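Please see the structure below; I have some questions.
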Amino acid sequence: MSLVIVETVAEQPLTDDILEAATQSIAPCVQARNGTWLYSLLCSDRHRMICVYDAPDAESIRDAYRRGGLAPSRAWTGYVVEPEGTSPTWNESTLKIQESTYPTGLTDEQCSKERQHLLPCYAEYGVEWIRSYVSLDRTRVLCELNAPDAEVIRHAHRRFGFPCDRVWSAQVFVP
């Protein structure tokens, strides 16, 4: 099985009714393709959503979305990176998602350098790293962070010249 991340960007806010209808239409299709929905993160403005699945591959989840009448903005297979020795948990009042794109792919050296610089900087600003999802081609990284505000995350990335496409507050949905 693989870790599959689905990113959805919507022009109109994803209301509770829209989310419920989507769940009802997609869930049977995901299950029929041997996938399991792990959780979702919804942006506070309700225009962005990330859904995390355990599934055979990204194409099976894309197909489940299509058959359910939805079109994700992006669906990709990746892996998770978590802090060693700790198990941070979401704090919904401070949960932020930080998105980065690496057009040529994140190298091991860049990854090491980012951790070496960002983690102490995050700690200095009261940011707790929960986990990161990295696409298999290493061009996409999504980080879950508990942070007092989005600007401290942006500032840390600017300070060291690391990519930061956007940062947003999130609400967690679990099955």
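The values are calculated or read from the model by the stated rules, or taken from the named source; none is laboratory data. A quick note: this is a predicted structure, and the numbers were derived from the prediction, not measured. Glycine gets a Cβ as well: all are built from the backbone with ideal geometry, and neighbour counts include every protein chain shown. Protein only, heavy atoms only, side chains kept; ligands, DNA and RNA dropped before computing areas. Shrake-Rupley method; radii C 1.70, N 1.55, O 1.52, S 1.80 Å.
Roughly speaking, what is the centre-to-centre gap between segment 122-175 and segment 29-63 when only Cα atoms are used, to the nearest Å?
20
For the chain, report the accessible area per residue in Å² (1.4 Å probe, heavy atoms, rounded to an integer).
51
Continuing with the same structure: Under unit Cβ charges (Lys, Arg +1; Asp, Glu -1), what dipole magnitude, rounded to 20 debye, does the chain have relative to its Cα centre?
Rounded to the nearest 20 debye, it is 320 debye.
Report the paramagnetic label zone for T23: residues of segment 139-175 whose backbone N is under 16 Å from a point 7 Å from Cα along the Cα-to-Cβ axis.
Under cut-off, by backbone N: 171-175.
Over the chain, what is the relative contact order in whole percent, taking alpha-carbon pairs under 8 Å and six or more residues apart?
Relative contact order of the chain: 27 percent.
Still on this structure, please answer the following. Please find, in a Gaussian network model of the chain (springs between Cα atoms separated by less than 10 Å), the residue of R154, R131, R115 whose mean-square fluctuation is greatest.
R115
Hey, any idea what % of the chain's accessible area is carbon plus sulfur with a 1.4 Å probe?
Within the chain, the accessible surface is 51 percent carbon and sulfur.
Along the charge dipole of the chain, which of P175, W90, V141 sits closest to the positive end, that is, farthest toward it, with unit charges on the beta carbon of Lys, Arg, Asp and Glu (+1, +1, -1, -1)?
Value: V141.
Using +1 at the Cβ of each Lys and Arg and -1 at the Cβ of each Asp and Glu in the chain, identify which of A150, Y65, Y125 lies farthest towards the dipole's positive end.
Checking the options against the dipole of the chain, the answer is Y65.
For Cα pairs less than 8 Å apart in space and 6+ apart in sequence, what is the mean separation divided by the residue count of segment 86-153, i.e. the relative contact order in percent?
Answer for segment 86-153 is 47 percent.
Calculate how steeply helix 58-67 sits against the longest principal axis of the alpha-carbon atoms of the chain, using the helix alpha-carbon long axis, and give the answer as 0 to 90 degrees to the nearest 10.
Long axis of 58-67 versus the principal axis of the chain: about 40 degrees.
When the chain is treated as a GNM, springs tying every alpha-carbon pair under 10 Å, which of S112, S93, S40 comes out with the largest mean-square fluctuation?
S112
Which of these values of Cα extents along the principal axes in Å was calculated from the structure shown: (1) 63, 43, 31; (2) 44, 31, 31; (3) 43, 34, 30?
(2)
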